[in-house]
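Notes to accompany the following structure.
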Amino acid sequence: MSDITCYRWLLRLCDPEGYGDLPYVTLSGRQAANLLLLAESHGVAGTVARNMKAVLHGEGPERLLARRADMGALRDMFETVDRKSLGEVGITLLLRERARQVIEAMHDAGFPVAIVKGEDFADRLYPQPHLRLFRDIDLMMPRSVIDLVEPVMTSLGFHFVKPEGKYNSDYGERTWDGSTRPLTRVELHWNMITCPSQRVTSSLAYDEIQWAPTRGGIQATPDSMLLIAAVHASISHRFDRLQHLCDIRQLCRGRAGALNAELLHDTAKRLGLRSALAVALQVTAKLLKEPACTQLLERLPRTSLSPVWRLLVSERSLLMPERRFSKLRRSVIREWLKHVS
């Protein structure tokens, strides 16, 4: 069980560009262990461990730990994190190679395709790509071709995974799993809003994303990356991982390139994503205390948001996403976003 001290340290140490103002209260050995476990669950373990080491090196153990005697145990924890991170990096390297194979095969077959989220965010937003780990391969394709790629995917050793429950061909993605271990999952998206009922008010399809040419294909522009990140954080995941807010912070800092506030607003308005974008920026600014998010919000035409979001997305509801009350709050946020634009 983590406590508020761990959460405050987590929010200060999850910045991939270095830590800022630190909490006044130091950590016990148990709290330091909980902090690293919490960071792992939020996808920021590598960044947090690196910043903890920087605090120890730059300011001394007493700035981080209440008892110097806990240093030995903390070093053991760092070794465990480093081993896990090395394994995770190995998996991402495998995913990168498989993504390259899929993209080449799609291009050979004449199908347009582009990488989004994980690998794209890691390479374009973070000072070291290994600080932004990912678990699967996310690709986008036009709706008109996404159901024609079965021969390509099966030739590469993937098998189709049928959507569960009520979802059918109108679901916004197609999932394909590899036949080898570790599992390689490819999610082919035609719309980042996967749920059909959510698309009554909002959409972010392949043809609605702004693409820029690259040497090997295309990539989303910074404005479209921010819309993808906002949808991913607020609608797809309902603010259940700190990693998604770190993506938004890096985009607001301009790490993928300058943002065009007027174009961003016009696109979000046209696609019914103004509220999702505004809430994602507000939550990131509130929790991470990031000036770049606040400055972007000030440049955007004001979106009328119900104050309900402040009650639903609190520090605790984000940092403890699996608690029953947190799940309820986050579910209400997604339902609310279905009815606003």
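Read the figures in this text as sums done on the coordinates, not as results from a lab. Since the model is a prediction, treat every value here as computed from it, not as a measurement. Positions of Cβ are backbone-derived with ideal geometry, glycine not excepted, and every protein chain shown enters the neighbour counts.
Laid out as a table, the results:
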| item | result |
| --- | --- |
| Table column - 3J(HN,Hα) (Hz), segment 5-18, Karplus curve with 6.51, -1.76, 1.60, x for Gly and Pro | 4, 4, 4, 5, 5, 4, 5, 7, 9, 8, 7, x, 9, x |
| Separation in nanometres of the label points that stand 7 Å from Cα toward Cβ, at D266 and T154 | 4.5 |
| Zero-based 20 Å bins, Cα pair distances in the chain, whole percents | 30, 57, 13, 0 |
| Selected from L148, L204, L22 as most flexible by GNM, with the chain as the system and alpha-carbon contacts under 10 Å | L148 |
| Residue order, fewest to most surrounding Cβ atoms within 10 angstrom, among I248, I193, I146 | I146, I193, I248 |
| Square roots of five times the Cα gyration tensor eigenvalues for segment 1-116, Å | 37, 14, 12 |
| Hz values of 3J(HN,Hα) by residue in segment 95-106 - Karplus curve (6.51, -1.76, 1.60), Gly and Pro given as x | 4, 5, 5, 5, 4, 4, 5, 5, 5, 4, 5, 5 |
| Computed lengthening from R215 to I4, 0.36 nm per intervening residue step minus Cα-Cα distance | 71.3 nm |
| Segment 71-78 - phi-based ³J(HN,Hα) in whole Hz, Karplus 6.51/-1.76/1.60, Gly and Pro as x | 4, x, 5, 5, 4, 4, 5, 4 |
| Above-threshold pairs, the threshold being 27 Å between Cα atoms, out of K84/K289; K117/K162; K117/K289 | K84/K289 |
| GNM result for the chain, Cα springs below 10 Å: residue of E290, E164, E187 fluctuating most strongly | E164 |
| Positive dipole terminus of the chain, leading residue within L287, L183, N51 (C-beta point charges) | L287 |
| P(r) weight above 13 Å for segment 34-95, C-alpha pairs, percent | 65 |
| Surface/4 of the Cα convex hull for segment 1-66, nm² | 3.8 |
